[in-house]
Every structure is written in structure tokens, then in C-alpha cells.
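Taking it in order: structure first as C-alpha cells, then the write-up.
Each reported figure results from applying straightforward, stated rules to the coordinates on display, with no laboratory input. Predicted model only: the values in this text are computed from it and were never measured. With ideal geometry, Cβ positions are generated from the backbone for all residues, glycine too; neighbour counts draw on all protein chains shown.
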Amino acid sequence: MILVNYSILPLIGCIAVLLFIFFVLVYRPKNLANLLFVMFCLTVVIWLFGTYKMFIVINDGQIIFWDHFVYVGVTLMSVFLYHFGVVYLRLIEKSQIQKMIVGIGYILGLLFLILSQTSSLFVNAVFHYRWGAHTIAGPLHHIFLIFFLFYFFGFLIQLIKFCRQCSGVVKTQLCYVSAGFVFFLVLGPLAFLPAYKISTFPIVFIVVIPFILLLFHAMFKYEFLSDFDELVIMREKDMMKWCSKKTSALKNKI
């Protein structure tokens, strides 16, 4: 039996991510990195809202419909995140390898998106457990999961590595961002367990809350997703140049 108080958890996470998207669109510039981050957040919204609906519907046909909806977001989630990371950290500009990884990621992501909606080898039938229900993973889903984790943890490794090379305010900013993504990327994939007939309490969906709170803190106190992040290389000496430029601009206005 599916209980309403459990089903509300992904909905709470969904609302939190939508709120963060609103603040990014209002308070941050419309550049490529921020657009990619918003796209990543939208895939999270699709995942969480679809899961909420999957928890509250009754028959297997509806569960399968909403799980297909979930995979519209999930199949592209890790690629958007990886692409955001290499743009935000300015790793893609002079790296053909990074451009190739991103390009292959989108091709595979779109392929898995199509397969998730059309092939019974991706997901098929329904697994009912104490706290909800989920479609059962097929052979193609195993391959997708490898792809998904490769891009997720590829992003996280690069973010942490870059953070260790920074200092001062930039390092503090990236530490908060890294901590948020550790919450999300380490615990979030546990949501796949029911696809492999492993019952999981849906508390996994509430990890979105500390994730969003840490990103809010990094955004409003340490300029996460600001102009600074896109226009200069994120090192302490560049931050000083940026601050000097802003100070000079203010003096000229006066």
C-alpha cells in the first residue's frame, strides 16, 4: 500500500528545485553555464514530479506511464550536469577531449531517451514494494546506468579536483558547491534500487533539500553562477582583477 506521507517527499524536493531555478533566472546572468545548470535542474524536476505521481497512482499502467515520464529527465540529467561542469570550470574551451565527451554524452543520452520510451528491454513490468512502485530494469537499463554514473561522477571528480587547486573565496564557494553535489550524487542514485527490486525508503528524495540549501548559500554569499564565474578563470588572482575592475567601474560612474 502506498502512503501519502511518503509520496510527498519527492514533491517537496521538486518545489525546492523549482524555487532555486526561479532565483537563478532572476538573479543570475543568462549565459551558457547558467542555462545548462537550469536544464540540469529541470531534469531533476521531471524526475521528482514524475516519481511523486508514480507513488500516488493506483494501477500498473499509470505507474509505467509516469516512470516513462521520469526517464525523460533522468536520461539527460547527467549529461547536462557534466556539460555545465566543464563550461563553468572553463575546462572545455581548449580541450577537444572534453568536447568529444560532451558530444558523445548527448548522442547516448538521446538514444537512451528514445529506448526508455519505446523498448521493453529498458524497463518492463512493475515492482511493488512497501513504500511505492517502480518499473523493473531490463538489460539496456544496466548499460544506461553505467553511462549515467560515468557522467555524474566525472563531473564530481573534476569539481573536487578544481576546488583543491583554488584558494580563498573561490575555494570556499566551490567547497559548498562540492558538498551539495556530494549529497546529491552519492545518495541520489539510490533511487534506482527499486528498478532492481530492492526496496528503498523514499527518504532518498529529500537529499535534494540539503543540496539546494548549500547551493543557495554558495550563490548568495560566494557568487555561485555569477558573472565572475563565467568571465574569468576561477583562481584567486583573477578574483582580485575582477574586484579591481568592478571598483574602477564604480569610481567612473561616480
Taking the alpha carbon gyration tensor of segment 4-253, what are the square roots of 5 times its eigenvalues, largest first, to the nearest whole Å? 36, 19, 14
Ranked by Cβ crowding within 10 angstrom, fewest neighbours first, how are R164, R28 ordered? R164, R28
Using the Kyte-Doolittle scale, find the helices of the chain whose mean hydropathy is at least 0.5 and whose Cα atoms extend 30 Å or more along the helix's long axis, counting only whole DSSP H runs. 4-27, 32-56, 60-88, 96-118, 139-165
Can you list the HN-Hα couplings for segment 191-199, worked out from phi with the Karplus curve (6.51, -1.76, 1.60; θ = phi - 60°), rounded to whole Hz and with x for Gly and Pro? 5, 6, 4, x, 5, 10, 6, 10, 5
N59 to E93: FRET efficiency via 1/(1 + (r/R0)^6), r the Cβ-Cβ distance, R0 35 Å, to the nearest 0.05? 0.10
Please list the equivalent ellipsoid semi-axes of segment 1-140, computed as the square roots of five times the alpha-carbon gyration tensor eigenvalues, in descending order and whole angstrom. 31, 21, 9
Protection proxy ranking, peptides 138-145, 91-98, 177-184, average beta carbon neighbours within 10 Å, highest first: 177-184, 138-145, 91-98
Per the helix-only calculation at 222 nm, which mean residue ellipticity applies to the chain, given -39500 (n - 2.57) for every DSSP H run of n ≥ 4 and division by its residues, nearest 500 deg cm²/dmol? -25500 deg cm²/dmol
Order by protection proxy (mean Cβ within 10 Å, highest first), peptides 185-194, 99-108: 185-194, 99-108
